[in-house]
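Working notes, structure below.
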Amino acid sequence: MSSKRVLVTGGLGFIGSHTVVALQQEGFEVVIIDNLSNSSLDVLGGITQITGKTPEFENIDLRDKTAVKDFFEKYEDIEDVIHFAASKAVGESVLNPLLYYENNISTLVYVLHELNKKPSAKFIFSSSCTVYGQADELPITENAPVKKAESPYGNTKQIGEEIINDTCKINVDFKAIALRYFNPIGAHPTAEIGELPIGTPQNLIPFITQTAIGKREELSVFGNDYPTDDGTAIRDYIHVMDLAEAHVTALSRLINGKEKNNYEVFNLGTGKGNSVLEVIQSFEKVSGQNLPYKIVDRREGDITAAYADTTKANEELGWKANRSLDDALQSAWKWQKVVEKREEEDN
Ligand code: WQD
């Protein structure tokens, strides 16, 4: 464990905040950069409730190159970074591609530019299984070909990985790991932090929990004519706490010099695929709630199935997801009830 401080960009976001908790519980001292565009300062309180430690926080927009430079001059000891800060709504990226290229690519370049001035920087990049598109073979290994992205969002993850790889090629002292997430879901078991989608949720689980709590009338299941057992699409749903712990493992790998080379990629999933209908059944079981839904047309750009081959993460990274779909859905439901209670108290 390093005594130096770790920077977590986007550290007040969904996966970022859970990773901050895991880092603090592993003994790391954390500094968060977040511009609050898709998160809230309340999350800082949630993190403190869980760990008893309030991370240092800087409200910085990483699109401001000077602000990024000033940050690294102020925090000159920081050379370990976990980079979550990015826009992540697939649909929005189709409608507003330049927002995504600026917010997801320029910011990455500015952070890497500062890290490259350091003697031994270590960088963990938040990537996504979306880089595989519809893989030809399942489960999906890290050697599966990266396909033409279905959205500008997915393209920014592919470009981001290439930028990092090219940086590692010309600077052997710069070490990086790209973590390709499958479908992150759930919340911290204390329900002090969780997913806070703004507006109508795009993702399945927050839409399910908002429907179950009565905020949404019914869930639309996007298609039941896929070539799967029950006709609905299959994904690898991974508990956000398993994902958070993987980031600590990946950073520790680089700090302890366990990497095989200075740019590595790992798939982070459970290795198990579940269909939309299976998720609904599991949610009804763990929540005791009946979930109203209707079958509608497929969503543009959706793939049939994706689930991870976890061999490399298990055997090389030394990490394995150990929470189940039921655990994740239980935590998501508990979190939704807390959010609902807070909204009622605020009104
Ligand atoms: C899951 C399944 C939908 C909503 C995206 C990004 C990925 C990552 C996770 C950022 C699909 C179905 C969904 C609904 C539904 N994001 N669905 N009704 O599309 O697999 O992945 O989010 O990193 O990069 O691509 O996740 O939760 O949107 O959908 O039937 O109201 O649920 O069709 O089969 P997805 P999702």
> Would you say Phe182 is closer than 23 Å to Val94 by Cβ, in contact (Cβ under 8 Å) with a residue 60 or more places away in the chain and in the same structural domain as Ala308 (by the TED database)?
Replying inline: no
> Is it the case that region 48-71 has a residue that's more than 16 Å from the ligand (Cβ to nearest atom), touching a residue at least 60 places away in the same chain (Cβ under 8 Å) and within 30 Å of Ala308 (Cβ to Cβ)?
Replying inline: yes
> Looking only at region 33-70, which residues are touching a Leu at 6+ places or on another chain (Cβ under 8 Å), under 21 Å from Asp346 (Cα atoms) and not hydrophobic (A, V, I, L, M, F, W, C)?
Replying inline: Ser39, Ser40
>> Just the residues that are open to solvent by less than 10 Å² (accessible area, probe 1.4 Å) and farther than 21 Å from Asn143 by Cβ, please, taken from region 249-267.
In response: Leu251, Leu254
>> Anything in region 86-104 that is over 16 Å from Thr66 (Cα atoms) and more than 13 Å from the ligand (Cβ to nearest atom)? List them, or say none.
In response: Leu95, Asn96, Pro97, Leu98, Leu99, Tyr101
>> Show me the strands (runs of 3 or more DSSP E) entirely contained within region 1-89 in which 1 or more residues are open to solvent by 10 Å² or more (accessible area, probe 1.4 Å).
In response: 5-9, 29-33, 56-58
>> From the list Val111, Val131, exactly one residue is under 16 Å from Ala308 (Cα atoms) and part of a helix (DSSP H, G or I). Which is it?
In response: Val131
> What residue, of Ile124, Ile140, Ile159, is modelled with pLDDT of 95 or more, surrounded by fewer than 21 Cβ atoms within 10 Å (Cβ to Cβ) and within 16 Å of the ligand (Cβ to nearest atom)?
Replying inline: Ile159
> Out of all the residues in region 313-326, is one or more in contact with a Cys (Cβ under 6 Å, 6 or more places away or on another chain), buried (at least 19 other Cβ atoms within 10 Å of the Cβ), touching a residue at least 24 places away in the same chain (Cβ under 8 Å) and not in a helix (DSSP H, G or I)?
Replying inline: no
> Looking only at residues in region 167-203 that are in contact with a strand residue (DSSP E or B) (Cβ under 9 Å, 6 or more places away or on another chain) and open to solvent by 40 Å² or more (accessible area, probe 1.4 Å), which one is nearest to the ligand (Cβ to nearest atom)?
Replying inline: Asn203
> Can you tell me which residues in region 178-201 are among the polar types (S, T, N, Q) and part of a loop (DSSP other than H, G, I, E, B)?
Replying inline: Thr190, Thr200
>> Out of Lys117, Lys88, I need the residue that is basic (Lys, Arg) and within 18 Å of Phe14 (Cα to Cα). Which one?
In response: Lys88
> In region 289-309, how many residues are more than 16 Å from the ligand (Cβ to nearest atom) and free of Cβ contacts under 8 Å to residues at least 60 places away in the same chain?
Replying inline: 1
> Pick from Gly160, Gly214, Gly133, Gly154: which is closer than 28 Å to Leu41 by Cβ and assigned by the TED database to the domain that holds Val81?
Replying inline: Gly160
> Scanning region 302-312 for residues that are of a type outside the set (Ser, Thr, Tyr) and open to solvent by less than 40 Å² (accessible area, probe 1.4 Å), which turns out modelled with the lowest pLDDT?
Replying inline: Ile303
> Which of the residues spanning region 225-251 are within 11 Å of the ligand (Cβ to nearest atom) and of a type in the set (Asp, Glu)?
Replying inline: Asp236
> Got at least one residue in region 254-268 being within 25 Å of Glu218 (Cα to Cα) and among the aromatic types (Phe, Trp, Tyr)?
Replying inline: no
> Within region 208-217, can you find the residues that are open to solvent by 40 Å² or more (accessible area, probe 1.4 Å) and either of a type in the set (Lys, Arg) or near the ligand (Cβ under 10 Å from one of its atoms) (or both)?
Replying inline: Lys215, Arg216
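The values are calculated or read from the model by the stated rules, or taken from the named source; none is laboratory data. Remember, predicted model here, so these are calculated numbers, not experimental data. Positions of Cβ are backbone-derived with ideal geometry, glycine not excepted, and every protein chain shown enters the neighbour counts. Remember, those area values only see protein heavy atoms, side chains included, never the ligands or the DNA or RNA. Shrake-Rupley method; radii C 1.70, N 1.55, O 1.52, S 1.80 Å.
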